[in-house]
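Report on the following structure.
The values are calculated or read from the model by the stated rules, or taken from the named source; none is laboratory data. This one's a predicted model, so the numbers in the text were calculated from it and none came from an experiment. No Cβ is skipped: glycine too gets one built from the backbone with ideal geometry, and neighbour counts run over all protein chains shown.
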2 protein chains.
Amino acid sequence: MGDKINIGVDLGGTTIKMAIIDDTGKMLDKWAIATNTIDNGSHIAADISASVLKKIEQINLNHADIRGIGMGAPGFIDMDTGFVYQAVNIGWENYPLKEALEQAIGLPVIIENDANMAALGEMWLGAGQGAKNLICVTLGTGVGGGIIVDGDIIHGVSGMAGEIGHITVVPKDGDPCNCGKKGCLETVSSATGIRRMALDALDYNDSESTLREIFDRKGDITAEDVFNCSAQKDPLSEAVTEKAAYYLGYALGAISMVINPEMIVIGGGVSHAGDTLLKPLTKYFQLYSLPRIYQACTIDIAKLGNDAGVIGGAWLAKTKIKNG
Amino acid sequence: MGDKINIGVDLGGTTIKMAIIDDTGKMLDKWAIATNTIDNGSHIAADISASVLKKIEQINLNHADIRGIGMGAPGFIDMDTGFVYQAVNIGWENYPLKEALEQAIGLPVIIENDANMAALGEMWLGAGQGAKNLICVTLGTGVGGGIIVDGDIIHGVSGMAGEIGHITVVPKDGDPCNCGKKGCLETVSSATGIRRMALDALDYNDSESTLREIFDRKGDITAEDVFNCSAQKDPLSEAVTEKAAYYLGYALGAISMVINPEMIVIGGGVSHAGDTLLKPLTKYFQLYSLPRIYQACTIDIAKLGNDAGVIGGAWLAKTKIKNG
């Protein structure tokens, strides 16, 4: 025999994304099924197994061609054992995910945190290609992070490494965060945080603004509205963008002093802002790191979108599972 | 045959510390020679070689018993090649240290940054014993750091990982730092920073204080004076200690969110303050990290003092040089 194929699985609260990827990174197929959360998620392992095996048959591969599965899951996970302490959206509590899936499909399985898996995907085939030391930041509803050192995700002693959304960036009078603290990066640089800061700015400020026109028309605004108006030089939106970029640049400056990365990859919905975000971000990142650090580091937008997770899963299978 | 012995060398601006340590961590001997910086440090490799070989003979060992040398040096170093870009105190500029020492002594040599080497020493035989993920902070004239992930120092893409003294902790109106930035951790939590904050406090404040008495008597104060007076409940000194601990706790909180360490080891002169520093530090560290992170992390004072470097050097030789 020779090369085998790798399966990436990315478990979300509503869908399970899956892909078949060979060792060169070529995606042979990708598809998704609904996440069945009834009975506390106890059907999920069997659903994945059945779906993968059916797909393999459809594209004329055999069970023996599969090296294994790299799977990302949300929640608190012991990556060594593939044991999920808690994944609220799925219904799992103290669930032996790795064991359950291995039994269902009869193949080796590796479990990883979903934010970390997206980071590995970007490293393998995305914006971080070729880099071995990188920071991946996902700016969505929250702020997630994946830290890669010498080509591998770092997990820390209790699997919490890379929880950069909860670095305190507003030490005084910061807004409350879901984690119970105040002034976390997530409160100011996530889509949620940017919307909140913009609503505050509209409230405290009577100036004319294209953002206000959107608010008056729709009754609400999104982070995307803020970036769109900012790109069109709306001063109020530019001020909010600047603030979000300031805090993100500050945090990434501090993290870079610890990690000295070759690359920072920004993903998630907020990253669609592109240069509107990257330009002020780069300015503040340089202000809060040292020349020998920022000169060695490129900041770029993630390239793989929703595929990052399954690609990272396939990378895990390819590199961490011994060829059977 | 069987076990070999390891040589640790710790190069400073005035002395070169050396030690012979076996694989179990037993120190067979330690000694120091003066650092000869004339002719741009070009005699140093020969000095080390001669001193090591003489010592080996004295204690009835042979050249063949030595596995190799792990050496720590100050300045900017390429750890892979052992090339020193610049070490101002020594006089080296673009100096091939590893090559020069290997030629002089005829044994394999590994070069490491001196702060990182001390961190490895504390991990092997000091306060961090048994931990594989740890942060070592050296609070002296400056603030140095060594970050250990999965048992190895991380260097980053340009050898700057762990430069935590230059994380910005006072973003607005911070004092100038030697690095050219303002408000770095080093400006507030080093011995120098603590002395400066105390002098400022004495200046802005007329209150009676045992610290003021020392200042009036000696014409100056040290960080040690501040901690001594703080331990005796001098309010002005307590306020300065609290401030130094606040910023250090803030920075260590942020770093822990990235690394999720099992242990934080505090070394350097300032660490002699012991609980006077550790108590407020722990409070602020917890304030700026998450429960799942601080509950998994112990903060302790370094145990090896000036021996940390040579012990770390011996550990490098033991673990990174293949048995000859």
Original post:
So which of A:G312, A:G268 ends up being out of contact with any Asp or Glu (no Cβ under 8 Å at 6 or more places or on another chain), surrounded by 19 or more Cβ atoms within 10 Å (Cβ to Cβ), away from chain B (no Cβ under 11 Å) and not polar (S, T, N, Q)?
Top reply: A:G268
**OP:** Among what's in the range A:144-168 and is in contact with a strand residue (DSSP E or B) (Cβ under 8 Å, 6 or more places away or on another chain) and more than 9 Å from chain B (Cβ to nearest Cβ), pick the residue that is surrounded by the fewest Cβ atoms within 10 Å (Cβ to Cβ).
**Re:** A:I153
Subject >> Residue in the range A:270-277 that is touching a residue at least 60 places away in the same chain (Cβ under 8 Å), in contact with a helix residue (DSSP H, G or I) (Cβ under 9 Å, 6 or more places away or on another chain) and within 29 Å of B:I259 (Cβ to Cβ) present >> reply: yes
Subject >> The lone exception for B:T141 - which of (1) modelled with pLDDT of 95 or more; (2) under 17 Å from the mean Cα position of the chain (by Cα); (3) more than 26 Å from A:G151 (Cβ to Cβ); (4) surrounded by fewer than 22 Cβ atoms within 10 Å (Cβ to Cβ) it fails >> reply: (1)
Original post:
Among the residues of the range B:18-26, is there at least one that is surrounded by fewer than 14 Cβ atoms within 10 Å (Cβ to Cβ) and in contact with a Ser or Thr (Cβ under 9 Å, 6 or more places away or on another chain)?
Top reply: no
Original post:
Taking the stated definitions as given, is A:I59 at pLDDT 95 or above and aliphatic (A, V, I, L, M)?
Top reply: no
**OP:** Scan the range A:178-193 and report the pairs whose first residue is touching a residue at least 12 places away in the same chain (Cβ under 8 Å) and more than 8 Å from A:T141 (Cα to Cα) and whose second residue is of a type in the set (A, V, I, L, M, F, W, C) and part of a loop (DSSP other than H, G, I, E, B), with Cβ atoms within less than 6 Å and a gap of 6+ or a chain change.
**Re:** A:G183/A:V170; A:C184/A:C177; A:L185/A:I167; A:L185/A:V169; A:E186/A:C177; A:T187/A:C177
Subject >> Selection from the range B:92-106 of residues that are out of contact with any helix residue (DSSP H, G or I) (no Cβ under 6 Å at 6 or more places or on another chain) and either in contact (Cβ under 8 Å) with a residue 60 or more places away in the chain or closer than 16 Å to B:I44 by Cβ (or both) >> reply: B:E93, B:N94, B:Y95, B:P96, B:L97, B:K98, B:E99, B:E102, B:Q103
Subject >> Selected residue (only one of A:Y246, A:Y294 is aromatic (F, W, Y) and farther than 18 Å from A:N133 by Cα) >> reply: A:Y246
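Okay, residues lined up against (1) assigned to a helix (DSSP H, G or I); (2) assigned by TED's automatic domain parsing to the domain that holds A:I194; (3) under 19 Å from A:H166 (Cα atoms):
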{"position": "A:V240", "(1), (2), (3)": "yes, yes, no"}
{"position": "A:Y250", "(1), (2), (3)": "yes, yes, yes"}
{"position": "A:P261", "(1), (2), (3)": "no, yes, no"}
{"position": "A:V265", "(1), (2), (3)": "no, yes, yes"}
{"position": "A:K283", "(1), (2), (3)": "yes, yes, no"}
{"position": "A:R292", "(1), (2), (3)": "yes, yes, no"}
{"position": "A:I299", "(1), (2), (3)": "no, yes, no"}
{"position": "A:A308", "(1), (2), (3)": "yes, no, no"}
{"position": "A:K322", "(1), (2), (3)": "no, no, no"}
Subject >> Filter result for B:L11 (crowded, with 16+ Cβ neighbours inside 10 Å and either among the hydrophobic types (A, V, I, L, M, F, W, C) or closer than 22 Å to B:Y85 by Cα (or both)) >> reply: yes
Original post:
Out of all the residues in the range B:184-199, is one or more within 14 Å of another protein chain (Cβ to nearest Cβ) and in a loop (DSSP other than H, G, I, E, B)?
Top reply: yes
Original post:
Here is a list of conditions, (1) within 14 Å of chain A (Cβ to nearest Cβ); (2) in contact (Cβ under 8 Å) with a residue 24 or more places away in the chain, and B:K320 meets all of them except one; can you say which number that is?
Top reply: (1)
Original post:
On the given criteria, is B:L236 of a type in the set (A, V, I, L, M, F, W, C) and more than 13 Å from chain A (Cβ to nearest Cβ)?
Top reply: yes
**OP:** Please find, within the range A:271-281, the residue that is nearest to the other protein chains (Cβ to nearest Cβ) out of those that are surrounded by fewer than 24 Cβ atoms within 10 Å (Cβ to Cβ) and in a helix (DSSP H, G or I).
**Re:** A:P280
Original post:
Among B:N89, B:N133, which is polar (S, T, N, Q), within 18 Å of the chain's Cα centre (by Cα) and at pLDDT 95 or above?
Top reply: B:N133
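Per-residue answers, yes or no, for (1) among the aromatic types (F, W, Y); (2) touching a strand residue (DSSP E or B) at 6+ places or on another chain (Cβ under 6 Å); (3) modelled with pLDDT under 95:
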site	(1), (2), (3)
A:A104	no, no, no
A:A115	no, yes, yes
A:A118	no, no, yes
A:L125	no, no, no
A:G180	no, no, yes
A:V188	no, no, no
Subject >> From the options B:I56, B:I38, B:I44, residue that is among the aliphatic types (A, V, I, L, M) and surrounded by 22 or more Cβ atoms within 10 Å (Cβ to Cβ) >> reply: B:I44
**OP:** Filter the range A:124-138 down to residues that are over 19 Å from A:D23 (Cα atoms) and within 12 Å of chain B (Cβ to nearest Cβ) and give me whichever is surrounded by the fewest Cβ atoms within 10 Å (Cβ to Cβ).
**Re:** A:N133
Original post:
Within the range A:194-209, can you find the residues that are free of Cβ contacts under 8 Å to residues at least 12 places away in the same chain and either of a type outside the set (S, T, Y) or under 21 Å from B:I259 (Cβ atoms) (or both)?
Top reply: A:D200, A:D203, A:D206, A:E208
Subject >> the range A:239-253, subset of a type in the set (G, A, S) and over 20 Å from A:I153 (Cβ atoms), residue nearest to the other protein chains (Cβ to nearest Cβ) >> reply: A:G253
Subject >> Options B:A244, B:A239, B:A231; residue that is surrounded by fewer than 20 Cβ atoms within 10 Å (Cβ to Cβ) and in contact with a Ser or Thr (Cβ under 6 Å, 6 or more places away or on another chain) >> reply: B:A231
**OP:** Check whether at least one residue in the range A:291-300 is at pLDDT 95 or above, over 23 Å from A:R196 (Cα atoms) and more than 14 Å from every other protein chain (Cβ to nearest Cβ), and report yes or no.
**Re:** yes
Original post:
Given (1) closer than 22 Å to B:I154 by Cβ; (2) more than 14 Å from chain B (Cβ to nearest Cβ); (3) touching a helix residue (DSSP H, G or I) at 6+ places or on another chain (Cβ under 6 Å); (4) not acidic (D, E), where does A:T141 come up short, assuming only one miss?
Top reply: (1)
